[in-house]
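Right, one structure below, let's go through it.
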Amino acid sequence: MSTTQTPPVLAAELAQAWADIQRYHPELPDLAAPESLIGESSSACGHELSFERLLHEAVHGIAAARGIRDTSRAGRYHNRRFLTIAEELGLDHPEEPHPSSGFSLVTLNPEAKRRYRPTIERLQRALKAHTAATSSDTGRTFRGPAARHGSSGGGVRVKAVCDCGRNVRVVPSVLAQAPIVCGGCGKPFRIPEVMGAA
């Protein structure tokens, strides 16, 4: 299967999930480019691509629509104004802010999980298909100059671990090209199996 066909399918699922959020929060602006979420690093938000991350991004969308500055430090620190809107959208938060990212590490509360269950399940299926398509790449598939020259091409990075416990963030398709070996223990980094569902 060509990886060039998968991102538009995933982008369509992201756009549909965004529309599902808009049904409950009509002031949320339209998502201009779902594809940007697929290839964007999410380290500031602390989330890999998921419905939870999409809801996190929706908080920023509503803040923008209301003219509220919900972050500082170049978008890394999520302040209490972000937190107020996050609570409206069904996101829980830690008691105390993180020193560098504030209240960015929000999680779905039980009511939001129930409300969005069909959306979450549909998006998880699309994400699994996307991951399978991008990580089962073979040498017979043309992947363009970024892949040939070792660049990640801007894909979503996930945590890969080695046996000694060190970890790196890597695009799955890059790891599939050739092993990345740990300088500490000499073993290859691998992406752990995801346990459970959201």
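Straight-distance candidates among the lysines for linking to K187, with alpha-carbon spacing under 30 Å and chain neighbours fewer than 8 residues away dropped: K128, K159. For H98, the residues whose amide H sits under 5 Å from its own are F103, S104, ignoring neighbours fewer than 5 places away on the same chain, with H placed 1.01 Å from N. The protection proxy used here, the mean number of other Cβ atoms lying within 10 Å of each residue, ranks peptides 54-67, 104-117 as follows, highest first: 54-67, 104-117. Using the alpha carbons alone, the radius of gyration of segment 3-122 stands to its Kirkwood radius in an Rg to Rh ratio of 0.95.
Protection proxy ranking, highest mean first, for peptides 13-23, 89-99, 69-79: 13-23, 69-79, 89-99, where packing is the per-residue count of other beta-carbon atoms within 10 Å, averaged. Which whole-number percent gives the relative contact order of segment 3-122, counting Cα pairs below 8 Å spaced six or more residues apart? After rounding, I find 23 percent. Each pair of Cα atoms in segment 65-111 enters the Kirkwood radius, and Stokes-Einstein at 37 °C and 0.692 mPa s then converts it into a translational diffusion coefficient of 303 µm²/s.
3J(HN,Hα) along segment 120-133: 4, 5, 5, 5, 4, 4, 5, 5, 4, 5, 5, 4, 4, 5 Hz, from the Karplus curve 6.51 cos²θ - 1.76 cosθ + 1.60 with θ = phi - 60°, whole Hz, x for Gly and Pro.
Read-outs: derived from the displayed coordinates by stated rules, not from any lab. These numbers were taken from a predicted model, which means no experiment stands behind them. As a convention, Cβ positions derive from the backbone with ideal geometry for all residues, glycine included, and neighbour counts pool all protein chains shown.
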